[in-house]
Each structure stands twice: as C-alpha cells, then as structure tokens.
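What follows is one structure encoded as structure tokens, with my remarks underneath.
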Amino acid sequence: MDRRTFLEVTSAPLGASALATLLPSTMNAAPALIQSKRSAIVVIGSGVFGVWTALHLREQGHDVTLLDAYGPGNSRATSGDETRQIRVGYGDRELYARMAQRAFAAWRAREQEFGIPLMIETGRLELARDWTPSLRATQAMLTRLGVPVEALTSDDLRRRYPQMDTTGMGVGLLEPTAAVLRAKTSIIAAASAFTRKGGTLLVKRARPGRADGRRLTDVETATGERFAAQTFVFACGPWLPKLFPQLLAERIKVPGREVFYFGTPSGDTRFSYPNMPNFSEDGYYGFPSVDGRGVKVCPTTGPVTFDPDTDERIVTPHEVRRARAFLAKRFPSLKDQPITETRVCQLENTVDEHFIIDHHPDFDNVLIAGGGSGHAFKHGPVLGEYVAKRAVGEATDGAFDRMVRLVP
C-alpha cells in the first residue's frame, strides 16, 4: 500500500469497509478458517498498548492474533483521537522520562518504516504563576538528560507569544523538542504493518474463556468463536475493569473528557504550527492548529465515570462555556471563533498514575497491560517492546517491573 492510498483510507470514516480496504488479508478471512486457527499468542485490544505489543511480537517471529471489538483507531478507543503529545518533561519521574527519550527515537524510526509523517515538533510550553516543585523537578530532569529546556519570565512570554494573553503567568517552561503525534493515523499504520508482516487482525469482542488450572486455555468472542493460545495479553484500555471487575474495578477508574477544536481567524497563522507550541496550565492543555484542524483545547476535569461502549460522544453546553471562557482569557483573538470539531473520550486512571503491566494473579499465561493514565500514548512503540518481552518471559528492567506491577 503506498502513502497516497494509506492517507485516503485513514481520512475516511473508520468503519468496517475502511478497515477492510486497509487490511484486506485478515478482514475478509473466512469464518471457518478463523475458528480453526491456533495462534501462539492472542492480544486482545488494538489500542496503543495492544497494537504495538502485537507488532513487536510478530516481528520477533511469534504467531500472533490481534482481536478488537471495534477495530484499530476506532472512536471509542482512548487512542482514537487525531492527536496526542510526546514530551520528556515528567517532573522527577526519571524512568518515564528516559522511556520518553527512547520513544522519540522509536517514533522517528517507525515514520521512516511506514513512510508517513507521525510526529510534528511543536514544542511544549508549561505556564504557571510561579515556580512550583514540579516545574523545578522537570527543569532539573530535562537538564540532566540533555533535553533542551528554556525558562521564560513573564516578559519573555509576552515578547515570544503575543498571540497569548499571559496575564498572571509569571513562569513559562519550554521544552522545544516536544511534539504532537498523529494518534489515529499511527494506530492504523501500526496495525497495517502488523498484518503486512503476517499477523492476524480480527474485529471481534473477546473475553476470557476456558481455563485449565492456572492456565487460560482460550478466549471466547461474542459470537461464540474460541481462540486458543499459549499466551494471552489483555490490553483493553477502559474495558479492562469490565473484563476483570474483581481485580481491576478499584485499580482502574474510567473518567470522561471533552475535547474541542476551535477555528482560527482567516489568514491568521499565529495559532497554527509552527508558530505556537503545545501549552498547558492548571486545568487545561492544548495544541496549536495542526493540519488545519483548529486549536485543540482540553480540560483536565470532567465526568468521573464513563462507559466506552454506551455513553454518548457529545460535548455538553457546560463544557463549551468553560472552554470559551478559557479562550477568552488566554487567547482573546479566538474567543468568537467557531468550534470546528469535538471529541469525547476517556482515560484509564490508576491510583498512582503508573501503568499496570503484570500477570494475572490466577493465570500464569495471562498478561494485563493498561492503565494508561493519560500518558501512555507517547511511549507506544517502547511500551509494545516491553510488554512483548514480558509476554514471552524475556528479561526486562527490574525497577520498571516493580513500578508497573499489579499489586503495589
């Protein structure tokens, strides 16, 4: 598939027909063949954890089947929006910061392999009234890791970003190499690479099936098909608490978030890449207009519970008013601009905001990978490599293993 064909497919609605065009070798497989197939490893969930895990496992030569209830890049998935952020700034959490550094290199390598742009270097500006311990820790960590970082005063902010009203903001910490990732595009590209390399991708809802002692024998789909394997990886994002309620209902919470894209004034490029960085402050974060989509504005609060299967993806008047109030304060020239697009998505927050990547306590051959807590996407290619190693019993970093274990 050439780049033009890929972009045509990914720009269309991601229904079954679009996926079938993108992934013809598996989407049109005969049911009889599906039922008789036995894979060494089954990965359930094709979001950022699952798709990269499946791809790495396939690249290692394993026989891998990837199952997803709605398909890669679908709008119910946490990975389903158009853009995500990648940055190294992580306060004092050095393991994640170093992992993000590796992820930058991995994303660039995958861009070259896939032949499509996945990462746009926008920079990230963190705004605050004054220096906080978190800002100081981020600055120190970036400096120690050799990542470019600039500390900006209120005067610096006014001069450098006249399109922003930075009144009340006394500090700006800029990570100029931070970037925007094309989220949906990259998930579909990774899924395409997986099938191109011989993996099997099927759009089917699956749940744990039969067990033999401490080993899960198979998973069962909603239509009664069974897929047997030696190893199972459940990377189901917000569906993990549904699949394993006794184990995960109290460990992973699923809140909702509303996302807005606001148009920019005609002929005005101040709010578009590369003229404005990603931005964040207490209560909101956002991105410049990328690909003409509009300025992305995201509140960091919202409904405390969200059902990824049944809840409507419609923004509320209350959050529209809040987003416009934020624009009026921080970007006055945008306050009367129309909303061009909206998204409603969800997070999977763990209590400590660490990922959960560990074996199920009852099954030796079941690995759970999730709890992205709003910061998993940036690590996608590196996370996939790590989860793949855990799935097949290869050695991994002990300190990271302890940080992401199921039971602290």
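The values are calculated or read from the model by the stated rules, or taken from the named source; none is laboratory data. The shown structure was predicted, so the numbers you read here are calculated from the model rather than taken from an experiment. For neighbour counting, all protein chains shown are included, and Cβ atoms are generated from backbone atoms with ideal geometry for every residue, glycine included.
Once region 175-210 is narrowed to residues that are part of a strand (DSSP E or B) and among the aliphatic types (A, V, I, L, M), the residue that is farthest from G123 (Cα to Cα) is A206.
Restricting region 321-348 to residues that are in contact with a strand residue (DSSP E or B) (Cβ under 7 Å, 6 or more places away or on another chain) and in a helix (DSSP H, G or I) leaves a set whose member that is surrounded by the fewest Cβ atoms within 10 Å (Cβ to Cβ) is R322. Got a sec? Which of V219, V304 is assigned to a strand (DSSP E or B) and among the β-branched types (V, I, T)? Every option except V219 fails the conditions. Scanning region 164-179 for residues that are within 18 Å of L334 (Cβ to Cβ) and crowded, with 18+ Cβ neighbours inside 10 Å returns M164, T166, M169. Considering region 354-369, and only residues there that are touching a helix residue (DSSP H, G or I) at 6+ places or on another chain (Cβ under 9 Å) and buried (at least 21 other Cβ atoms within 10 Å of the Cβ), the residue that is farthest from G80 (Cα to Cα) turns out to be L367.
For region 245-257, state whether one or more residues are farther than 23 Å from Y70 by Cβ, without any contact (Cβ under 8 Å) to a residue 60 or more places away in the chain and touching a strand residue (DSSP E or B) at 6+ places or on another chain (Cβ under 8 Å). No, that holds for no residue. In region 121-135 there is no residue that is out of contact with any Lys or Arg (no Cβ under 7 Å at 6 or more places or on another chain), among the aromatic types (F, W, Y), surrounded by fewer than 21 Cβ atoms within 10 Å (Cβ to Cβ) and in a helix (DSSP H, G or I).
From the list P241, P308, P245, the lone residue that is under 30 Å from P208 (Cβ atoms) and over 22 Å from the mean Cα position of the chain (by Cα) is P245.
When V351, V407 are screened for being more than 29 Å from T185 (Cα to Cα), surrounded by fewer than 15 Cβ atoms within 10 Å (Cβ to Cβ) and under 19 Å from the mean Cα position of the chain (by Cα), only V351 passes. Has region 315-327 got any residue that is free of Cβ contacts under 8 Å to residues at least 24 places away in the same chain and hydrophobic (A, V, I, L, M, F, W, C)? Checked region 315-327: at least one residue is free of Cβ contacts under 8 Å to residues at least 24 places away in the same chain and hydrophobic (A, V, I, L, M, F, W, C).
Quick check on region 264-281: of everything there that is assigned to a loop (DSSP other than H, G, I, E, B) and free of Cβ contacts under 8 Å to residues at least 40 places away in the same chain, which residue is surrounded by the most Cβ atoms within 10 Å (Cβ to Cβ)? By that ranking, first place goes to T269.
Could you tell me how many of the residues in region 153-165 are touching a Ser or Thr at 6+ places or on another chain (Cβ under 8 Å) and either in contact (Cβ under 8 Å) with a residue 40 or more places away in the chain or in a strand (DSSP E or B) (or both)? Matching residues across region 153-165 total 1.
Looking at G172, G168, just one residue is under 30 Å from R136 (Cβ atoms), outside any loop (DSSP other than H, G, I, E, B) and not assigned by TED's automatic domain parsing to the domain that holds S333, and that residue is G172.
Which members of region 240-255 meet the condition of being buried (at least 21 other Cβ atoms within 10 Å of the Cβ) and either part of a strand (DSSP E or B) or in contact with a Phe, Trp or Tyr (Cβ under 6 Å, 6 or more places away or on another chain) (or both)? Matches in region 240-255: I252, V254. Looking at region 322-336, can you tell me whether even one residue there is out of contact with any Phe, Trp or Tyr (no Cβ under 9 Å at 6 or more places or on another chain) and of a type in the set (D, E)? Within region 322-336, one or more residues are out of contact with any Phe, Trp or Tyr (no Cβ under 9 Å at 6 or more places or on another chain) and of a type in the set (D, E). Taken over region 352-369, the criterion of being in a loop (DSSP other than H, G, I, E, B) and acidic (D, E) is satisfied by D352, E353, D362, D364. Among residues of region 383-408 being β-branched (V, I, T) and either part of a helix (DSSP H, G or I) or modelled with pLDDT of 95 or more (or both), the one that is nearest to F49 (Cα to Cα) is V387.
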